[in-house]
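Colleague: Just dropping this structure here.
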Amino acid sequence: GDHRDLHKHNLVWVLSGMQIELDKYPVWRDSINIETWPKGINRLYYLRDFLIRNQQGDVIGRATSNWLLIDIERRRPRQHDLNNEVFRHNLNRNALEELIAPSPFQGKVEKELPLSPRFSDIDLNHHLTTTRYVDWMFDTFSPDDIAQERAKGILLNFNKEVVYDQQVVMQRSEKAGNKIYFQLIDSKRPKAIFNATLTYSSS
């Protein structure tokens with residue numbers, strides 16, 4: 001799975017989805033440790049889990065993720081022979097047991113933010129870098145909104161690539177119960193490029 005070996009086969013790892021659940025937030029000057037392992041394959045998706053521990057060794061967060069191997073030239077998912085011994089070693093070892101579910105937008109749009117990727121937003125594969133999607137989600141809030149309540153979970157689904165100078169809009173829903181929904185759409189096509197859900201402790 002080394003990226004140099006994959007590039008020889010015109011392949012690249014692309015994050016398709018991630019779910020993170022936090023029991024406790026780290027604070028300023030805290031040291032954290034993140035443990036991660038590949039745990040198997042589900043159809044075309046390669047699964048990887050994470051445990052987040054504080055400096056006392058207590059688990060404060062868990063995550064699971066789906067990855068695709070994309071053929072660089074064809075821009076399509078492709079399977080590749082990997083070290084199956086690693087998967088066997090981690091069989092039934094889960095940070096989160098459930099598979100990542102779709103997170104379609106629900107409710108009324110409360111906030112829209114027109115955006116367009118700049119050079120600093122683009123990764124080595126010439127796509128919008130993963131963390132920028134989350135940055136843009138939180139840019140739909142004011143500092144006062146963030147100070148009022150912290151989310152305990154986030155679910156991300158990356159449906160299609162975003163490229164340099166593409167005109168897109170991040171939409172945020174009204175809060176529905178203990179959830180807020182997001183979607184990133186192309187300004188010319190309403191189909192969702194990216195979906196996400198924030199979950200709060202209480203409604």
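The values are calculated or read from the model by the stated rules, or taken from the named source; none is laboratory data. Keep in mind that this is a model prediction, so the values were computed, not measured. Every residue, glycine among them, receives a Cβ derived from its backbone with ideal geometry; neighbour counts consider all protein chains shown.
Colleague: Taking the residues in the stretch 131-167 that are among the β-branched types (Val, Ile, Thr) and touching a strand residue (DSSP E or B) at 6+ places or on another chain (Cβ under 9 Å) as candidates, determine which candidate is surrounded by the most Cβ atoms within 10 Å (Cβ to Cβ).
Modeller: Step by step, filter the stretch 131-167, then rank; the result is 162.
Colleague: Can you tell me which residue among 141, 182 is hydrophobic (A, V, I, L, M, F, W, C), modelled with pLDDT of 90 or more and assigned to a loop (DSSP other than H, G, I, E, B)?
Modeller: None of the other options fit; the residue is 141.
Residues are listed down the side, and each one gets a yes or a no for (1) within 26 Å of residue 188 (Cα to Cα); (2) at pLDDT 90 or above:
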{"site": "71", "(1), (2)": "no, no"}
{"site": "78", "(1), (2)": "no, no"}
{"site": "93", "(1), (2)": "no, no"}
{"site": "103", "(1), (2)": "yes, yes"}
{"site": "117", "(1), (2)": "yes, yes"}
{"site": "145", "(1), (2)": "no, no"}
{"site": "154", "(1), (2)": "no, yes"}
{"site": "157", "(1), (2)": "yes, yes"}
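Colleague: Let me ask something additional. Which one of the conditions (1) of a type in the set (Asp, Glu); (2) part of a helix (DSSP H, G or I); (3) over 18 Å from residue 174 (Cα atoms) does residue 97 fail to meet, given that it meets all the rest?
Modeller: All conditions are met except number (2).
Colleague: What is the number of the single condition among (1) part of a helix (DSSP H, G or I); (2) modelled with pLDDT under 95 that residue 132 does not meet?
Modeller: So the condition that residue 132 fails would be (2).
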